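A quick write-up on the structure given underneath.
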């Protein structure tokens, strides 16, 4: 896992690229923009429609399956599908509520790099390195396509 710092932060640029930077870290890329900026449209003004499907398709083209794991449900002891916990055995992208907010005070979500079933945050790509406000809510794992 290569610790990278995101190129865009909401406070400085009006957009953020924590998600792609966290994935770039997990994939040991040299820089965040080795991955597309999935969450914005071409002029970087808003979240593009269907960005999550674009993310899934791009990873599949790269040879990875993207899975989502509800970390909150695991902590609450809900039953998981077989193999779910094994997805958390390596590095993955975790998301949750950011300690920062949008200028109007709206809650901001943030992505970090986590490792293992104990959901330990091992790297925050934001320059502040503050992590998440609370425990991570979701995990996004990558496994090689079969």
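What 222 nm value per residue comes from the helices of the chain, counting each DSSP H run with n ≥ 4 as -39,500 (n - 2.57) and dividing by all residues, nearest 500 deg cm²/dmol?
-5000 deg cm²/dmol
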* Asked: So how far apart, in nm, are the two label points at residue 76 and residue 97 if each is 7 Å from Cα heading toward Cβ?
  -> 1.5 nm
* Structure fact -> PRE zone check, label point 7 Å out along Cα-to-Cβ of residue 137, amide N under 11 Å, scope the stretch 84-100, hits 95-98
* Sorting 52, 23, 38 on the 10 Å Cβ count, fewest up front, what's the list? -> 52, 38, 23
* Mean Cβ neighbour count within 10 Å, used as a protection proxy, ranking 15-22, 64-71, 93-100, 75-82 highest first -> 15-22, 93-100, 64-71, 75-82
* **Mean shadow area of the stretch 10-144 over all directions, Cα convex hull, nm²** => 8.6 nm²
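Any read-out appearing in this document is the output of simple, stated calculations on the displayed coordinates, not a laboratory observation. Predicted model only: the values in this text are computed from it and were never measured. Reconstructed Cβ throughout: ideal geometry from the backbone, glycine too, with neighbour counts over all protein chains shown.
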